[in-house]
1. Considering only region 1-113, give the helices (runs of 4 or more DSSP H) lying wholly within it that have at least 2 residues that are acidic (Asp, Glu).
2. Among the residues of region 30-69, write down those that are of a type in the set (Val, Ile, Thr) and either surrounded by fewer than 16 Cβ atoms within 10 Å (Cβ to Cβ) or touching a Cys at 6+ places or on another chain (Cβ under 9 Å) (or both).
3. Is one or more of the residues making up region 226-233 outside any helix (DSSP H, G or I) and hydroxyl-bearing (Ser, Thr, Tyr)?
4. Scan region 127-137 and tell me whether some residue there is among the hydrophobic types (A, V, I, L, M, F, W, C), part of a helix (DSSP H, G or I) and touching a Ser or Thr at 6+ places or on another chain (Cβ under 7 Å).
5. Confirm whether residue 207 is outside any helix (DSSP H, G or I), out of contact with any Lys or Arg (no Cβ under 8 Å at 6 or more places or on another chain), under 28 Å from residue 70 (Cα atoms) and modelled with pLDDT of 85 or more.
6. Residues 85, 135, 180, 96: which one is within 27 Å of the chain's Cα centre (by Cα) and either exposed (fewer than 11 other Cβ atoms within 10 Å of the Cβ) or in contact (Cβ under 8 Å) with a residue 12 or more places away in the chain (or both)?
7. Please go through region 170-187 and give me each residue that is over 16 Å from residue 98 (Cα atoms) and either assigned to a loop (DSSP other than H, G, I, E, B) or of a type in the set (Ser, Thr, Tyr) (or both), ordered by number.
8. Can you tell me which residue in region 114-126 is nearest to the chain's Cα centre (by Cα), limited to those that are surrounded by fewer than 10 Cβ atoms within 10 Å (Cβ to Cβ) and part of a helix (DSSP H, G or I)?
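The values are calculated or read from the model by the stated rules, or taken from the named source; none is laboratory data. A quick note: this is a predicted structure, and the numbers were derived from the prediction, not measured. Cβ: placed from backbone, ideal geometry, glycine included. Neighbour counts: every protein chain shown.
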Amino acid sequence: MGKAKKILNKIIVYILVIFGGIACLIPLLWMFRSSLMNSVEIFMTPPKVFPSKVLWSNFTEVFELYPFLTYYKNSIILVVLIVFGTVITSSLCAYGLARIKWVGRNIVFACIMGSMMLPFAVTLIPTFIMFRKIGFTDSIIPLIVPAWLGGGAFYIFLLRQFFMTIPRDYDEAAYIDGAGHLKIYMKIILPLTKPAMAVVGVFSFLNTWNDFLGPLVYLNSESKYTVALGLQLFTGVYRSEWNLMMAASCLVVIPVIIVFIIGQRYFLEGLTMSGVKG
């Protein structure tokens, strides 16, 4: 009786997971279907599941109407610089908070955690004024600098929790062999924390690739736009090219799917292992 109940519970769970997965896929399928239609068919009532004529030309028209390749290049450059800076600097900060004992460490960590409670909108105006006075507006510098100054409180917290699960015996053995903190960080900590690094890298990639507000505030020249800003060009006051926007959205989603597929194993492992020890 108990075995039958367990099997029934598993079946129910699998059914719920399948329906949940289908529910998550519906917006993506609707986007792809709309990208192959004209603007009239998208909003027809009752809605059409399949286009009467498949318009692959929508994808080529995206690049003809706007310099979307330039937006892609700008986003890739921004993502590479931010992800690399976030992974390096946040891991260094996390190492100092997790593996080195120093006066005021807990106070500093509490302040970092407290900064997570501040909404982005609270610091947006003073940060913008600071970068404008320095002369860094209309460039990607204001978007990159925070990644190279700690990377973000959430990433520091995530890596700190992961670092604290590593036994300190490794550090003590390295000290005996004459290794310093930098060598321990590079030779011991980093190789053991690849899953956590992957989680930080994937989160940082997603936040940067999908970021709309940051580039909107700091970038004025259209030649410096990212893909997130490029998408809003398809909507106007009097007319919106919804089929082209859906085609462009499909192109924007492709890198996200590729990155998740490549880093899925490390991503899931890092999520399950992070935060085990406080």
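1. 57-65
2. 40, 45, 49, 54, 60
3. yes
4. Taking region 127-137 and keeping what is among the hydrophobic types (A, V, I, L, M, F, W, C), we get 128-131, 134, 136.
Narrowing the set further to residues that are part of a helix (DSSP H, G or I) leaves 128-131, 134.
Checking the rest, the ones that are also touching a Ser or Thr at 6+ places or on another chain (Cβ under 7 Å) come to 131.
There is at least one residue in region 127-137 that is among the hydrophobic types (A, V, I, L, M, F, W, C), part of a helix (DSSP H, G or I) and touching a Ser or Thr at 6+ places or on another chain (Cβ under 7 Å).
5. no
6. Values: 135 fails: within 27 Å of the chain's Cα centre (by Cα); 180 fails: within 27 Å of the chain's Cα centre (by Cα); 96 fails: either exposed (fewer than 11 other Cβ atoms within 10 Å of the Cβ) or in contact (Cβ under 8 Å) with a residue 12 or more places away in the chain (or both).
So the residue among 85, 135, 180, 96 that is within 27 Å of the chain's Cα centre (by Cα) and either exposed (fewer than 11 other Cβ atoms within 10 Å of the Cβ) or in contact (Cβ under 8 Å) with a residue 12 or more places away in the chain (or both) is 85.
7. Matches in region 170-187: 175, 177, 178, 179.
8. 120
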